[in-house]
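What follows is a short report on a single structure.
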Amino acid sequence: MIKSDHLTVGKIVGVHGIMGTMKVHSYAESPAVFQPGDEIEVIHKSGETSALRINWVRPHGKVLLMAIDGIDERTQAQKWIGSELRIKKSLLPTPEEGTYYWFDLIGLMVFTGDNEYLGRIDSIIPTGSNDVYVVKKADDGDRREILIPALESVVTSVDIEKGTMKVSLPEGL
């Protein structure tokens with residue numbers, strides 16, 4: 001699996017006012033990923049990519065309002081509606097020991113303690129108490145999913161460099 005050095009963190013969903021301010025739906029838990037002065041990669045719905053600099057950001061209901069350097073009119077901002085926003089992963093804080101970003105976990109090969117291949121992490125479901133890894137084994141025609149709770153008692157090791165996760169499955173899985 002090829003991993004990008006950028007992460008999609010939001011989408012421009014509208015404009016606000018007449019001064020070129022954009023409404024952004026953030027995919028991030030915290031608006032802190034959008035820092036004034038930082039460069040952000042904008043992927044226009046046409047596929048064209050541009051690097052733009054964030055002027056300021058502030059919460060506004062369920063969206064963020066964002067001003068971009070050089071965009072100071074509503075008509076300029078409207079052209080960007082539907083564009084995806086991406087940041088360099090290197091700008092993210094280093095996670096604490098034993099914690100990982102979802103983008104690091106998705107795609108990992110999952111094995112039991114006996115080295116039985118279970119599949120790859122396809123997606124992650126947040127449940128409130130703990131996440132659940134959706135593991136699919138599609139490479140041999142088997143399309144079943146295994147739901148594995150993201151608990152220390154279940155996940156025995158994670159090796160991002162090798163692209164593997166070892167688990168000790170609870171009874172019944």
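The values are calculated or read from the model by the stated rules, or taken from the named source; none is laboratory data. This structure is a prediction, so every number in the text was calculated from the model and none was measured. Cβ atoms come from the backbone with ideal geometry, glycine included; neighbour counts cover every protein chain shown.
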**OP:** From the list Gly70, Gly107, Gly113, Gly128, pick out the single residue that is assigned by TED's automatic domain parsing to the domain that holds Ser46 and loosely packed, with under 14 Cβ neighbours inside 10 Å.
**Re:** Gly70
Original post:
Going by the conditions given, is Ala77 over 16 Å from the mean Cα position of the chain (by Cα) and modelled with pLDDT of 95 or more?
Top reply: yes
**OP:** Would you be able to tell me the number of residues in the stretch 12-30 that are in contact (Cβ under 8 Å) with a residue 40 or more places away in the chain and surrounded by fewer than 19 Cβ atoms within 10 Å (Cβ to Cβ)?
**Re:** 6
Original post:
Looking at this structure, is Asn130 at pLDDT below 95 and within 25 Å of Glu29 (Cβ to Cβ)?
Top reply: yes
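Every residue, every condition in (1) within 13 Å of the chain's Cα centre (by Cα); (2) under 23 Å from Arg86 (Cβ atoms); (3) without any contact (Cβ under 8 Å) to a residue 12 or more places away in the chain, yes or no:
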site: Tyr100; (1), (2), (3): yes, yes, no
site: Ile106; (1), (2), (3): yes, yes, no
site: Tyr117; (1), (2), (3): no, no, no
site: Gly128; (1), (2), (3): no, no, yes
**OP:** Check whether at least one residue in the stretch 84-91 is touching a residue at least 60 places away in the same chain (Cβ under 8 Å), loosely packed, with under 10 Cβ neighbours inside 10 Å and within 20 Å of the chain's Cα centre (by Cα), and report yes or no.
**Re:** yes
Subject >> strands (runs of 3 or more DSSP E) enclosed by the stretch 3-43 - at least 1 residues per element that are at pLDDT below 90 >> reply: 6-16
